[in-house]
Amino acid sequence: MIYLDHAASSPVRPEALQAMWPYLTGEFGNPSSHHALGDSASRALADARARLATWFGVRPAEVTFTSGGTEAINLAIKGIALGAPRGRHIVTTPIEHEATLESVDFLRRVHGFEVSYVPVDATGRVDLAALAALVRPDTSLVTVMAANNEVGTIQNCAAIGAIVHAAGSVLHVDAVQAAGWLDVTPDALGADAVSLSGHKVGAPKGIGALAARSRLRIEPLLHGGGQERGRRSGTENVAFAVALATAVGLLSESAADAPAGGASESAGVALLRDHLIEGIETTVPGAVVTGSREHRLPSIASFLFPGTSGEAVLLGLEERGVVSSSGSACAAGSDEPSPVLLALGVSPQDAQTAVRFSLSPSSTLDEVNAAVAATADAVAALTQLR
Ligand code: PLP
């Protein structure tokens with residue numbers, strides 16, 4: 001099987017598995033316990049936090065471990081909005097992950113916040129002038145993704161951060177897809193808070209982190225024993241935190257010049273992505289690339305195959321040994337066209353024909369060539385059926 005769905009989930013790196021194993025077995029103590037086993041767990045957690053903080057370019061106290069990207073995003077958005085309400089206005093984009101869209105909608109429904117959606121262009125880039133016009137003195141938070149999970153478009157977060165800060169507001173960035181490909185330190189993104197998910201970077205599902213400036217008052221979502229400096233109660237998942245720190249350490253180790261928070265295998269993967277895009281454009285009549293050609297994650301190649309159905313293309317690909325996705329794990333299987341593609345101006349009919357291939361540093365040229373051939377074959381079979 002050729003797995004080209006790494007944006008949905010990637011395997012755990014063997015080094016991360018090995019590093020976490022002791023904390024699931026012999027070193028199983030609760031980090032809050034006052035005995036040797038507890039101390040050992042507590043030291044492991046502190047060490048993992050310190051390594052993650054270095055990677056993020058923040059202080060250890062500014063890293064909160066969470067149960068994943070979704071929880072980090074919920075904590076950032078609800079926690080910042082409710083923690084220090086400058087006002088009751090939030091700005092986001094229409095192409096965010098559901099974790100963001102549902103969190104801001106919760107604040108609207110339950111807490112009476114007003115939500116503004118800054119438009120994006122046909123490639124998925126935020127309209128900076130429109131953003132500047134939307135941010136107001138009562139905007140408590142602006143939340144955007146560093147890179148989109150369906151089409152791979154990268155935002156100009158530094159420019160967004162400058163606009164947000166000039167208006168005196170706070171920026172949260174969902175860096176779940178960007179991590180491993182771009183420098184996702186809060187400094188590089190111009191952000192006050194950045195969310196990360198473990199299972200996109202070689203750690204297990206069910207661990208993530210929020211890097212948030214300690215000057216921000218964050219209202220916790222989970223109340224209890226006051227772990228994570230009160231930002232997230234609950235016995236810490238020591239083993240998974242160790243795995244996450246190990247996995248992000250491997251990202252920045254992969255090239256000598258890799259920046260903190262960055263990755264370095266990007267250039268090689270970007271070449272494979274371009275080969276995939278070129279292969280599909282030359283062999284599949286009518287194929288349309290979605291998202292930005294210039295500002296695109298190295299890992300994502302996304303297409304429309306007008307006249308087919310995306311679900312049927314995916315089935316055809318799987319029959320030919322290639323696993324990919326329509327783009328959004330949550331939208332998969334639903335009959336609704338992707339809101340992201342609609343926001344980019346794609347028609348509802350064409351949006352139903354979307355297919356996303358997502359690569360990892362372990363992807364190979366042979367796999368990409370096989371995916372191109374399988375796509376050409378699967379799409380030809382479907383269009384001949386019509
Ligand atoms: N944000 C983006 C951009 C994502 O792609 C995802 C997962 O696909 C998430 C957030 C949610 O992360 P998690 O699966 O760790 O909850």
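The values are calculated or read from the model by the stated rules, or taken from the named source; none is laboratory data. It should be emphasised that the depicted structure is a prediction, and the values quoted were computed from it without experimental measurement. Cβ coordinates were reconstructed from backbone atoms using ideal geometry, including for glycine residues, and neighbour counts include every protein chain displayed.
A compact table of results
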{"quantity": "Segments classed as strands (runs of 3 or more DSSP E), wholly inside segment 124-213, with at least 3 members that are crowded, with 21+ Cβ neighbours inside 10 Å, under 11 Å from the mean Cα position of the chain (by Cα) and modelled with pLDDT of 95 or more", "calculated": "193-197"}
{"quantity": "Selection from segment 205-217 of residues that are within 10 Å of the ligand (Cβ to nearest atom) and over 17 Å from residue 145 (Cβ atoms)", "calculated": "205, 206, 207"}
{"quantity": "Residue pairs meeting the criteria (Cβ under 7 Å; at least 6 apart or on separate chains; first under 14 Å from residue 140 (Cα atoms) and touching a residue at least 60 places away in the same chain (Cβ under 8 Å), in segment 75-102; second assigned to a loop (DSSP other than H, G, I, E, B) and within 16 Å of the ligand (Cβ to nearest atom))", "calculated": "78/221; 79/221"}
{"quantity": "So residue 38, is it free of Cβ contacts under 8 Å to residues at least 40 places away in the same chain, farther than 20 Å from residue 181 by Cα and outside any strand (DSSP E or B)", "calculated": "yes"}
{"quantity": "Top-ranked residue in segment 57-74 [being more than 12 Å from the ligand (Cβ to nearest atom) and part of a helix (DSSP H, G or I); ranked as nearest to residue 211 (Cα to Cα)]", "calculated": "62"}
{"quantity": "Pairs, first more than 10 Å from the ligand (Cβ to nearest atom) in segment 173-189, second among the β-branched types (Val, Ile, Thr) and in a helix (DSSP H, G or I), C-beta under 7 Å, six or more apart", "calculated": "none"}
{"quantity": "Residue check for residue 84: buried (at least 23 other Cβ atoms within 10 Å of the Cβ), more than 30 Å from residue 291 (Cβ to Cβ) and among the aliphatic types (A, V, I, L, M)", "calculated": "no"}
{"quantity": "Candidate set from segment 327-359 (those that are in a loop (DSSP other than H, G, I, E, B) and modelled with pLDDT of 95 or more); member that is farthest from residue 200 (Cα to Cα)", "calculated": "347"}
{"quantity": "Residue check, residue 305 modelled with pLDDT of 95 or more and within 30 Å of residue 52 (Cβ to Cβ)", "calculated": "no"}
